[in-house]
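Notes for the one structure printed next.
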Amino acid sequence: MTPKLKLHWSPRSPYVRKVMICVHELGLLDRLELVRSVAAMLKPNPAIMADNPLSKIPTLVREDGLVLFDSLVICEYLNALADGSLFPAAGDDKWHALRWHAFGNGLLDALILWRNERERDVPLPALMDAFALKTQASLVQLEREAPALAAAPFSIGGVTVACALGYLDYRFDALGWREQAPRLAEWHAQLSERASLRDTEPVDG
Ligand SMILES: N[C@@H](CCC(=O)N[C@@H](CS)C(=O)NCC(=O)O)C(=O)O
């Protein structure tokens, strides 16, 4: 039996979702062993730390023991393994894809910190306002870019923006982002018809 790639995994993490969308798109699901791992900023997990001292998910352990993180590195590795096309090799497609990746991941970073702050007994108002402002501004900008997103080839860029929007649905439902960004919502709805996105929607568990 071929040894498997071990992935520290959770059905809630948007960064893990990004990796899992790539796994589905690249047809690599049977190469993976998914290990349910709880990663919380305030509670480093020794089981993850045995592989990744940063105690973050996703973390991928290759058959030969090499440990890969973070999510972008894992996605690029998997894309190379399957000779996929999720990372455009050159030209403007490449820069758009990497920029949208950075945009989506940066938005996710802000949303995760926002949620952590929201959960505190006494959230810092200035921090809450700053996260809200960045999120609103990101939605305005992504709404402007919706036609370009729709015209671009399917790539890690669109996948990551979609994961950030999916996380808004999951943890920030009350924000009602679709009303603020209708063209972006249409793009997201179309992309979400792909099996890779449908099968990886965040769930508690
Ligand atoms: N930049 C990392 C972010 C990963 C990340 O922050 N994952 C969260 C789970 S959604 C985590 O592991 N949090 C635990 C911690 O920060 O200690 C990536 O893209 O993989």
Considering only residues that are part of a loop (DSSP other than H, G, I, E, B) and within 16 Å of the ligand (Cβ to nearest atom), which ones fall in the stretch 81-100?
L86, F87
Any residue that is within 19 Å of the chain's Cα centre (by Cα), surrounded by 15 or more Cβ atoms within 10 Å (Cβ to Cβ), of a type in the set (D, E, K, R) and at pLDDT 95 or above - is there at least one of those in the stretch 107-130?
no
Of the residues in the stretch 28-49 that are loosely packed, with under 12 Cβ neighbours inside 10 Å and part of a loop (DSSP other than H, G, I, E, B), the one that is nearest to the ligand (Cβ to nearest atom) is M41
Test: L78 is within 15 Å of the ligand (Cβ to nearest atom), touching a Cys at 6+ places or on another chain (Cβ under 9 Å) and not in a loop (DSSP other than H, G, I, E, B):
yes
Taking interchain pairs and intrachain pairs at least six residues apart, which have beta carbon atoms under 7 angstrom, with the first residue in the stretch 47-62 and more than 13 Å from K18 (Cβ to Cβ) and basic (K, R) and the second within 12 Å of the ligand (Cβ to nearest atom) and outside any loop (DSSP other than H, G, I, E, B)?
R62/L68
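The values are calculated or read from the model by the stated rules, or taken from the named source; none is laboratory data. This structure is a prediction, so every number in the text was calculated from the model and none was measured. Backbone-built Cβ (ideal geometry, glycine too); neighbour counts: all protein chains shown.
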